[in-house]
Amino acid sequence: MTHVSTKTLTRRRVLPVGGTGTLWAARPSYGIFEFRGGRLRIEVEDPAEVLFPTDCGLSLLAALNNEDAPDMCGVNALDLGSGSGLYAVAMLAAGADRVTALDINAAFAGQTTANVANNGLDVGRLTCVTADLTEYAPAEKFDLVITNPPHLPYDPGYSADNGLETALVAGRNGRMMYDAVVARIDDLLAPGGRLFMAHSSLADVPRTIAELSGRGYEWRTLEICDMDIPLLAYAEHKEAMLSNLSRQRAEGSAEFEGERFTVHALEFRRPVDAE
């Protein structure tokens, strides 16, 4: 594991052991969360095709729901790995001028659009794109990119080819999407633009920080959230999953204790004089 100081830590949030949906204001068959003074609702028609937002993803919005959080009014934003549209809904509600939602899973587009519409937001400000990040070529660069990459290690015993796996599993070491974001971020982010990332401690946080700061990106940790590893979807394969994670820990690319890990809400700013 690359050793980089996770500087400017401002807050730490600890969720209860055994808690599910503990960052949600309410979650019966849908989820309600509060963001920038509003109450927003997320529904998922088929959780096997589009993942219902986890606490891991919601922790980034919790970190951005503070007085010192950057203003989103008027920005042209990219919701990278949109899924249910959680971030697209939040950014549009916070005043983003335009949001492009990108996901490799074609089932996401209808769900994201429905959630934007059901919250009374202007669907005309939303563009849904089904594409692989490695092949995505936007017509213009974005002021803001926000993402919660999948972070669990692949194993043929518990992985499948569906929307749930796309949202949770990311290659042998869980870093496939993080590496893709790092590789493509200069193609996506305008000079002076910001990347907000929910970064799992299971996927080598210091490595991402070292690679982006080495290219001149300024960064800070907004908040660290301590929570249970999301094993509910893999209840039948829990031991295999924990065995793979233990291997990664021994290799120095994962940090966790028992069945608890942390999610780092990170902000990166591209140099203004880039390009």
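The values are calculated or read from the model by the stated rules, or taken from the named source; none is laboratory data. A quick note: this is a predicted structure, and the numbers were derived from the prediction, not measured. Positions of Cβ are generated from backbone atoms using ideal geometry, with glycine treated the same way; all protein chains shown enter the neighbour counts. Just the protein is used for accessible areas: all its heavy atoms, side chains included, with ligands, DNA and RNA removed. Shrake-Rupley method; radii C 1.70, N 1.55, O 1.52, S 1.80 Å.
Taken over the range 101-116, residues that are of a type outside the set (Val, Ile, Thr), open to solvent by 30 Å² or more (accessible area, probe 1.4 Å) and modelled with pLDDT under 95 amount to 2. Which ones in the range 233-275 are over 23 Å from Gly19 (Cα atoms), among the basic types (Lys, Arg) and not in a helix (DSSP H, G or I)? Arg269, Arg270 - these are the residues of the range 233-275 that are over 23 Å from Gly19 (Cα atoms), among the basic types (Lys, Arg) and not in a helix (DSSP H, G or I). Where the second residue is surrounded by fewer than 20 Cβ atoms within 10 Å (Cβ to Cβ) and charged (D, E, K, R) and the first is without any contact (Cβ under 8 Å) to a residue 24 or more places away in the chain and lies in the range 32-60, which pairs have Cβ atoms under 8 Å and are six or more apart or on separate chains? Short answer, once both residue conditions are applied: Ile32/Arg39; Ile32/Arg41. Exactly one residue out of Met227, Met197 is in contact (Cβ under 8 Å) with a residue 60 or more places away in the chain, in contact with a Gly (Cβ under 8 Å, 6 or more places away or on another chain) and either under 25 Å from Leu102 (Cα atoms) or open to solvent by less than 40 Å² (accessible area, probe 1.4 Å) (or both): that is Met227.
Inspect all residues belonging to the range 2-21 and state whether any of them is surrounded by 14 or more Cβ atoms within 10 Å (Cβ to Cβ), at pLDDT 90 or above, assigned to a loop (DSSP other than H, G, I, E, B) and more than 16 Å from the chain's Cα centre (by Cα). Yes, the range 2-21 contains at least one residue that is surrounded by 14 or more Cβ atoms within 10 Å (Cβ to Cβ), at pLDDT 90 or above, assigned to a loop (DSSP other than H, G, I, E, B) and more than 16 Å from the chain's Cα centre (by Cα). The set of residues in the range 233-257 that are open to solvent by 50 Å² or more (accessible area, probe 1.4 Å), out of contact with any helix residue (DSSP H, G or I) (no Cβ under 9 Å at 6 or more places or on another chain) and small (Gly, Ala, Ser) comprises Ala235, Ser243, Ala250.
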